[in-house]
Amino acid sequence: MKINTISFAAGILSTVAVGALLAPLQVNAQAAQAVPPQIPVRAFFKTPEQSSFRLSPDGKFLSYMKPWGEKGAAAVETTRKNIFIQAIDAVGKPVGEEKRITSETARDIAGYSWKGSKQILFVKDFGGDENFHVVSAAVDGGGKVKDLTPFDGVRAEMIDDLLDDADHILVSHNQRDKKVFDVYKINLKTGASNLVAKNPGNITSWVTDHAGKVRAAATSDGVNTSLLYRATEQDEFKPVITTNFRESVDPLFFTFDNKRMYVNSNVGRDKKAIVEFDLATAKEGKVLFEHADVDAAGMEFSRERKVLTEINYITAKPERKLLDDRQAALYKTLEAKLPGYEITLQSHTKDENRWIVAASNDRTEGARYLFDA
């Protein structure tokens, strides 16, 4: 097992700031008379030099965002966060020169994801009107992006990147009716777009199963929320359960056989619990987790091994209930290598052998590591 530091993300500025604030509290007379250095306000809001680390599915590239651009008059920064990649060698160490694959100058890229190991997806506002488009950037494309939703006055967002389908993604946008968002399957090679879920007017979110089929949705009138379900994409959506502002049934993801769903629900209980939910009968099944004092926050799974891995919740600090021996062994190894830190898994390869690991605590945002299992 090998672990390599890839960046000291944020944390330097906050550490300096805390040190400056504590300086006047020294008990000796000389320290009491000392004037702490002034720190420019800009330092507290400065964009990190590197952030948002991701691994390509094949584990051959590390991607991240960093500022790129020029400085204008009076050293006013006009840099924007863009996406860079760097090769990773056989033992999991970044090698060679970094390569910039986007050239955004109007605004920062807010976030991104890999689609296969040859292109990256993100959303881009072309006109500054908040009508974001879904675009792709090839790792060898020289900074050019391809608009996958090239419609004027239309706002689009990702629904499912269909990790097991190399050529397609699911997006929602409002081209048909500016008031509602339908779901379309887009071919990344040809740009062809096919409607797979039409919004009747009140659907606010969509849920896909493990095969990438749109099988569930949620509606809301501002007070009451309904969970909708259909057995196949050829069927009509039908309401399963309606809750008011006091209760909620939040869909997480389908069971691996795509027949039931895991939900985070407080129906009939004081705190949210993670349970199996039968969409055909609207009945709760097995309770996977509940806590007497706090709500359940969410649950993770291994796409590669098709097992549930962990449940997350927050007491005085973030905590987890581990459901899988391999995941438990991974955390045990990382905690031994990084004692005194909270461990967060941020990205992994498709085979789940390489991971981006964040180590932080109440004193620092810490470092990001590349871990090879």
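The values are calculated or read from the model by the stated rules, or taken from the named source; none is laboratory data. Predicted, not measured: the structure shown is a model, and the values here were computed from it. Side chains included, ligands, DNA and RNA excluded: accessible areas come from the protein's heavy atoms. Shrake-Rupley method; radii C 1.70, N 1.55, O 1.52, S 1.80 Å.
Quick one: helix 12-22 against the long Cα principal axis of the chain, what's the angle to the nearest 10°, folded into 0 to 90? That works out to roughly 60 degrees. Solvent-accessible area assigned to carbon and sulfur over the chain amounts to 51 percent, based on a 1.4 Å probe. For the chain, a Gaussian network of Cα nodes joined below 10 Å ranks Leu330, Leu279, Leu308 by mean-square fluctuation, and the top entry is Leu330.
Based on C-alpha pairs under 8 angstrom that are at least 6 apart in sequence, region 243-366 has a relative contact order of 12 percent.
One Cα centroid belongs to region 219-241, the other to region 130-163; the line between them spans 28 Å.
Computed per residue of the chain from DSSP H runs no shorter than four, each worth -39500 (n - 2.57), the mean residue ellipticity at 222 nm is -2500 deg cm²/dmol. Accessible area per residue for region 110-158, computed on protein heavy atoms with a 1.4 Å probe, is 47 Å².
Could you give the accessible area per residue of region 178-304, probe 1.4 Å, as a whole number in Å²?
53 Å²
Remark on the chain: Rg and Dmax equal 23.4, 79 Å (Cα only). Just checking the listed ones, Gln38, Gln346, Gln234: in the Gaussian network model of the chain with Cα springs under 10 Å, the one fluctuating most is Gln38. Most mobile of His210, His291, His133 per a Gaussian network model of the chain (Cα springs, under 10 Å)? Fluctuation is largest for His291. Measuring nothing but how far apart in sequence close Cα pairs (under 8 Å, 6+ apart) lie, relative to its length, region 100-216 scores a relative contact order of 15 percent. Each Cα pair under 8 Å and six or more residues apart adds its sequence gap; the mean of these over the residue count of the chain is a relative contact order of 12 percent.
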